[in-house]
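Quick note: the coordinates plus some simple rules give every number you see, no bench work behind them. Given the structure is predicted, the values throughout are model-derived calculations rather than measurements. Reconstructed Cβ throughout: ideal geometry from the backbone, glycine too, with neighbour counts over all protein chains shown.
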Amino acid sequence: MLKLESYLQEQATNHRIFWVVEPTGNGYQSHSHFLIKGEEAKDQVLQFYTSKGLVNPRNVLNDPYESHRGAEYYISKTIHHENARYGFSYSLDNQYIKYA
């Protein structure tokens, strides 16, 4: 995630992202969930992971955010795992700010 955040900063991508990464059952991989504001940021995140060979775009699911469900609907599904890691990253007028 730190490399992704650096990449977004280098690309001067305005972004607001909440992320959760949880381990898979085999212990060698992870499964990531993102709440991403902005089409450019969404495209940059996918490009980053694809360029590193970390994801196959066919396996990426981009569901539109349904505001009536609230953010807790999306976050609570993944943050419960005891080994989950999460953070929030955003930029403001291309000024990078990170919380994790």
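Sorting check: for 20-26, 8-14, which peptide has the highest mean count of neighbouring beta carbons within 10 Å, and how do the rest follow?
8-14, 20-26
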*Arrange the peptides 51-62, 33-44 so that the one whose residues have, on average, the most other Cβ atoms within 10 Å appears first.*
33-44, 51-62
*Calculate one ³J(HN,Hα) per residue across the stretch 35-41 by plugging θ = phi - 60° into the Karplus curve 6.51 cos²θ - 1.76 cosθ + 1.60, and present them in order as whole Hz with x for glycine and proline.*
10, 10, 9, x, 5, 4, 5
_Contour minus Cα-Cα distance for HIS31 and LYS52 (0.36 nm per residue)_ = 6.0 nm
